[in-house]
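Asker: Supplied in structure tokens, the structure appears directly below.
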Amino acid sequence: MSTNLLEVKQLKVAYGGIHAVKGIDMHIKQGELVALIGANGAGKTTTLKTLAGMIKPTEGSIVYDGANMAQIPVYNYVERGLALVPEGRGIFSRLTVEENLLMGGYRSNDKVQIMADIERVYGLFPRLKERHKQLAGTLSGGEQQMVAIGRAMVSRPKLLLLDEPSMGLAPIIVQKIFEIIRMIASEGVTMLLVEQNAKLALQTCQRGYVMESGKITVADSAEALLSNERVQQAYLGE
Amino acid sequence: METFIQQIVNGLVMGSMYALIALGYTMVYGILSLINFAHGEVVMIGAMVTITCINLVSSIAPGLPGSLVFTAGLLMAIPITMVLGFSIERIAYRPLRKAPRLTPLITAIGVSITLQQVAMLIWGRSPRSFPAIFGEDAPHKLFNLDVSITNIQITIIVLAILLMAGLLIMVEKTKLGRAMRATSQNPEVAGLMGVNINTIISMTFVLGSALGAVAGALYAANYSRADAYIGFMIGLKAFTAAVLGGIGNLAGAVLGGIALGLIESVGAGYIGPLTNGFLGSHYQDIFAFAVLILVLVFRPSGLLGERVAERA
Ligand SMILES: Nc1ncnc2c1ncn2[C@@H]1O[C@H](COP(=O)(O)OP(=O)(O)O)[C@@H](O)[C@H]1O
Ligand SMILES: [Mg+2]
């Protein structure tokens with residue numbers, strides 16, 4: 001019986017007067033792959049940004065790896081092994097590909113390890129190696145997503161939060177990206193995956209949460225969700 | 001022809017100082033999108049503190065060579081000015097980080113006025129003369145022509161080039177520089193990568209102030225004096241240089257500074273003949289502001305300015 005790497009209780013997040021997340025409970029066990037699906041505007045991105053420390057919650061608690069994250073500033077999250085691949089990729093467009101990857105290792109002083117990790121990213125995404133001196137903003141959307149994922153890998157996460165990694169990408173690129181996501185997971189990295197493509201997400205993950213206007217309405221195994229009639233109708237287009 | 005070359009030399013000297021100061025404006029703008037109008041006053045304080053420190057050094061250790069006294073005075077003035085820049089950000093700008101953009105701008109003007117008043121309290125209203133530590137700075141003849149350049153002017157150009165090259169290399173090649181660039185492009189994500197944004201912002205103010213202190217000291221040395229009022233005009237001109245180069249762009253600030261110095265100097269040299277003596281060379285300030293207006297109207301992004309739209 002493994003322990004929870006992440007435990008979220010009654011989390012509420014608001015932008016001024018707009019309540020985007022209205023009291024959610026969530027947990028992720030060590031090594032688990034969990035999907036978070038829901039319609040546009042449901043509050044998925046807000047949830048991930050809050051888990052990553054970019055937004056402070058108005059109420060509720062986030063316990064990650066035994067620590068209450070509320071008091072910890074965002075720049076100390078990465079060295080605790082928490083990484084987010086943000087929605088829209090969030091690459092540094094006027095930094096080169098390699099500089100973007102180096103930013104993933106910003107809090108490490110082990111240059112040898114950082115370079116080895118970058119080489120590993122290049123091994124997985126040879127296009128990035130070809131373009132390592134190019135400004136990241138000049139890359140295609142798929143390549144930028146590779147940079148964003150590669151950058152997160154260089155930070156050696158224990159918990160990787162992914163926000164719509166397939167957004168705006170051609171199906172063949174989506175396949176490639178998901179191959180890598182599965183590979184990272186197979187190395188023991190715990191993941192919370194937000195996806196518009198709910199079917200792909202549930203096929204990749206073991207469990208899933210369904211979010212609707214700021215609340216978690218269904219929580220179940222991926223298998224059960226895939227065969228849940230309501231989920232099928234709303235998110236799987238069947 | 002010799003007049004022209006002389007104007008070029010003078011232009012390079014002024015331009016070097018504008019460039020050093022413009023870097024301070026552009027670095028802060030690059031990270032905070034804030035025009036730190038108090039920067040001119042930081043330069044002024046740098047000049048005044050340098051004069052005080054040089055007097056101090058000369059009185060403690062009389063008989064030292066001028067270059068050594070200058071270096072010692074400058075090395076004392078730089079950290080003091082850095083602390084000033086750091087404090088301005090902490091006290092005046094940081095609490096307004098989330099305020100509408102007009103608020104910190106007005107605050108910047110307030111900080112300017114405050115610094116000017118404080119300078120008057122400390123150093124008085126009349127100019128302080130720059131100590132005559134270099135003896136008689138007789139001009140050298142350049143290329144055997146009737147073109148002259150003083151030791152101080154040579155120092156200004158050389159020191160400015162070294163500092164600007166150092167800054168550009170730091171920003172392009174070091175981890176700190178990379179973090180500064182990342183922060184200016186996407187502060188939220190830089191935070192995710194483990195960058196403490198506040199530290200980077202402080203560093204930006206501290207570095208800009210250090211360059212400003214050097215520029216102020218060189219300015220005072222070049223004109224043999226400084227007073228509490230010099231910050232306004234030199235600040236405005238360096239700001240113009242930053243806009244001309246493309247605000248937010250470091251190489252642009254250097255280019256804009258040099259270009260503005262040259263435009264001003266060459267313009268001042270020929271404004272008399274061009275207007276049949278109606279306007280004399282003391283009208284040189286109109287060039288800077290004509291440039292500012294023209295750039296804002298025809299090319300607001302400046303010479304090396306970034307494209308406004310970024311791809312998603
Ligand atoms: N920066 C913001 N300021 C104000 N409201 C926001 C902001 N970001 C998101 N919202 C609102 O919060 C709700 C949840 O948005 P989001 O978390 O982006 O949803 P999702 O990722 O599921 O599409 C939406 O109603 C959205 O309009
Ligand atoms: Mg979203």
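Asker: Hey, can you tell me all the residues within segment A:167-207 that are farther than 19 Å from A:Val147 by Cβ, more than 16 Å from ligand 2 (Cβ to nearest atom) and in contact (Cβ under 8 Å) with a residue 60 or more places away in the chain?
Answerer: A:Ala185, A:Gly188, A:Thr190, A:Leu202, A:Thr204, A:Cys205, A:Gln206, A:Arg207
Each row is one residue, and each column tells you yes or no for (1) surrounded by 22 or more Cβ atoms within 10 Å (Cβ to Cβ); (2) among the polar types (S, T, N, Q).
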position	(1), (2)
B:Leu145	no, no
B:Ile156	yes, no
B:Gly166	no, no
B:Lys175	no, no
B:Thr183	yes, yes
B:Ala190	yes, no
B:Val214	yes, no
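Asker: For segment A:35-49, give me each residue that is under 17 Å from A:Thr190 (Cα atoms) and of a type in the set (S, T, N, Q).
Answerer: The one that is under 17 Å from A:Thr190 (Cα atoms) and of a type in the set (S, T, N, Q): A:Thr47.
Asker: What pairs come up if the first residue lies in segment A:81-97 and is more than 7 Å from chain B (Cβ to nearest Cβ), the second is within 16 Å of ligand 1 (Cβ to nearest atom) and basic (Lys, Arg), and their beta carbons are under 9 Å apart, counting only those six or more places apart or on different chains?
Answerer: A:Glu87/A:Lys44; A:Glu87/A:Lys49
Asker: Something else now. How many of the residues in segment A:31-51 are more than 9 Å from ligand 1 (Cβ to nearest atom) and more than 14 Å from chain B (Cβ to nearest Cβ)?
Answerer: Residues flagged as more than 9 Å from ligand 1 (Cβ to nearest atom) and more than 14 Å from chain B (Cβ to nearest Cβ) within segment A:31-51 amount to 6.
Asker: Cβ-Cβ below 7 Å, separation at least six or inter-chain, first residue in segment A:36-53 and closer than 20 Å to A:Gln233 by Cα, second assigned to a helix (DSSP H, G or I): which pairs?
Answerer: A:Leu36/A:Lys44; A:Leu36/A:Thr47; A:Ile37/A:Ala198; A:Ile37/A:Ala201; A:Ile37/A:Tyr235; A:Gly38/A:Lys44
Asker: Could you identify the single residue in B:Ser148, B:Ser209 that is touching a Pro at 6+ places or on another chain (Cβ under 8 Å) and in contact (Cβ under 8 Å) with a residue 40 or more places away in the chain? Break it down into steps so the answer makes sense when it comes.
Answerer: Values: B:Ser209 fails: touching a Pro at 6+ places or on another chain (Cβ under 8 Å).
Being touching a Pro at 6+ places or on another chain (Cβ under 8 Å) and in contact (Cβ under 8 Å) with a residue 40 or more places away in the chain holds for just one of B:Ser148, B:Ser209, which is B:Ser148.
Asker: Next question, about the same structure. Identify the single condition in (1) among the polar types (S, T, N, Q); (2) within 16 Å of ligand 2 (Cβ to nearest atom); (3) over 15 Å from the mean Cα position of the chain (by Cα) that A:Thr50 does not satisfy, given that it satisfies every other one.
Answerer: (3)
Asker: Determine whether segment B:91-104 contains at least one residue that is surrounded by 14 or more Cβ atoms within 10 Å (Cβ to Cβ), in contact (Cβ under 8 Å) with a residue 40 or more places away in the chain, out of contact with any helix residue (DSSP H, G or I) (no Cβ under 8 Å at 6 or more places or on another chain) and of a type in the set (A, V, I, L, M).
Answerer: No: segment B:91-104 contains no residue that is surrounded by 14 or more Cβ atoms within 10 Å (Cβ to Cβ), in contact (Cβ under 8 Å) with a residue 40 or more places away in the chain, out of contact with any helix residue (DSSP H, G or I) (no Cβ under 8 Å at 6 or more places or on another chain) and of a type in the set (A, V, I, L, M).
Asker: Could you check, for segment A:108-119, whether at least one of its residues is under 23 Å from A:Ser186 (Cα atoms), within 20 Å of the chain's Cα centre (by Cα) and more than 12 Å from chain B (Cβ to nearest Cβ)?
Answerer: Here is the first cut: in segment A:108-119, the residues under 23 Å from A:Ser186 (Cα atoms) are A:113-119.
Then drop every residue that is not within 20 Å of the chain's Cα centre (by Cα), which leaves A:117-118.
After this cut, where a residue has to be more than 12 Å from chain B (Cβ to nearest Cβ) as well, the list is A:117-118.
For segment A:108-119, residues under 23 Å from A:Ser186 (Cα atoms), within 20 Å of the chain's Cα centre (by Cα) and more than 12 Å from chain B (Cβ to nearest Cβ): present.
Asker: Now a separate question. Can you tell me which residue within segment A:61-79, out of those that are over 20 Å from B:Pro187 (Cα atoms) and in contact with a helix residue (DSSP H, G or I) (Cβ under 9 Å, 6 or more places away or on another chain), is nearest to ligand 1 (Cβ to nearest atom)?
Answerer: Looking at residues that are over 20 Å from B:Pro187 (Cα atoms) and in contact with a helix residue (DSSP H, G or I) (Cβ under 9 Å, 6 or more places away or on another chain), I get A:Ile62.
Asker: Could you please find all residues in segment A:113-169 being more than 27 Å from A:Ala39 (Cα to Cα), among the hydrophobic types (A, V, I, L, M, F, W, C), crowded, with 16+ Cβ neighbours inside 10 Å and out of contact with any Lys or Arg (no Cβ under 7 Å at 6 or more places or on another chain)?
Answerer: A:Ile114, A:Ile118, A:Val121, A:Leu124, A:Phe125, A:Leu128, A:Ala136, A:Met153, A:Val154
Asker: If you don't mind, another one. Condition first: of a type in the set (Lys, Arg), closer than 26 Å to A:Asn4 by Cα and either within 16 Å of ligand 1 (Cβ to nearest atom) or in a helix (DSSP H, G or I) (or both). Can you find one or more residues in segment A:165-185 that meet it? Full working, then the answer.
Answerer: Filtering segment A:165-185 down to residues of a type in the set (Lys, Arg) leaves A:176, A:182.
With closer than 26 Å to A:Asn4 by Cα added as a condition, the list becomes A:182.
Retained after the next criterion (residues that are either within 16 Å of ligand 1 (Cβ to nearest atom) or in a helix (DSSP H, G or I) (or both)): A:182.
Checked against the condition, which is being of a type in the set (Lys, Arg), closer than 26 Å to A:Asn4 by Cα and either within 16 Å of ligand 1 (Cβ to nearest atom) or in a helix (DSSP H, G or I) (or both), segment A:165-185 yields at least one hit.
Asker: When you go through (1) in a helix (DSSP H, G or I); (2) surrounded by fewer than 24 Cβ atoms within 10 Å (Cβ to Cβ) one by one for B:Asn276, which number turns out not to apply?
Answerer: Among (1) in a helix (DSSP H, G or I); (2) surrounded by fewer than 24 Cβ atoms within 10 Å (Cβ to Cβ), B:Asn276 violates only (1).
Asker: Evaluate segment A:122-138: report whether one residue or more is away from ligand 2 (no atom under 16 Å from the Cβ) and in contact with a Pro (Cβ under 8 Å, 6 or more places away or on another chain).
Answerer: To start, the set of residues in segment A:122-138 that are away from ligand 2 (no atom under 16 Å from the Cβ) comprises A:122-138.
Adding the requirement that they be in contact with a Pro (Cβ under 8 Å, 6 or more places away or on another chain) leaves none.
No, that holds for no residue.
Asker: Do any residues in segment B:214-227 that are acidic (Asp, Glu) have Cβ atoms under 6 Å from those of residues that are modelled with pLDDT of 95 or more and surrounded by fewer than 24 Cβ atoms within 10 Å (Cβ to Cβ), where the two are at least six apart or on different chains, and which pairs are they?
Answerer: B:Asp227/B:Pro127
Asker: Do you know which of the residues in segment B:3-55 that are aromatic (Phe, Trp, Tyr) and over 20 Å from B:Asp285 (Cβ atoms) is modelled with the lowest pLDDT? Outline the logic, then answer.
Answerer: The initial filter retains those residues of segment B:3-55 that are aromatic (Phe, Trp, Tyr), namely B:4, B:18, B:25, B:29, B:37.
Adding the requirement that they be over 20 Å from B:Asp285 (Cβ atoms) leaves B:4, B:29.
Details: B:Phe4: 88, B:Tyr29: 95.
Only one residue fits best here, namely B:Phe4.
Asker: Hey, another quick one. Please indicate, with yes or no, whether at least one residue in segment A:4-18 is over 19 Å from A:Leu160 (Cα atoms), of a type in the set (S, T, N, Q) and either modelled with pLDDT under 95 or within 13 Å of ligand 2 (Cβ to nearest atom) (or both).
Answerer: Checking segment A:4-18: not a single residue is over 19 Å from A:Leu160 (Cα atoms), of a type in the set (S, T, N, Q) and either modelled with pLDDT under 95 or within 13 Å of ligand 2 (Cβ to nearest atom) (or both).
Asker: Ok, one more. Does A:Leu33 fit the bill of being of a type in the set (A, V, I, L, M), in contact with a His (Cβ under 7 Å, 6 or more places away or on another chain) and touching a residue at least 60 places away in the same chain (Cβ under 8 Å)?
Answerer: Details: of a type in the set (A, V, I, L, M): yes; in contact with a His (Cβ under 7 Å, 6 or more places away or on another chain): no; touching a residue at least 60 places away in the same chain (Cβ under 8 Å): yes.
Considered against the rule, which asks whether it is of a type in the set (A, V, I, L, M), in contact with a His (Cβ under 7 Å, 6 or more places away or on another chain) and touching a residue at least 60 places away in the same chain (Cβ under 8 Å), A:Leu33 comes out as no.
The values are calculated or read from the model by the stated rules, or taken from the named source; none is laboratory data. Just so it is clear, the model here is predicted, and its values are computed rather than measured. Note that each Cβ is placed from the backbone with ideal geometry, even for glycine, and that neighbours are counted across all protein chains shown.
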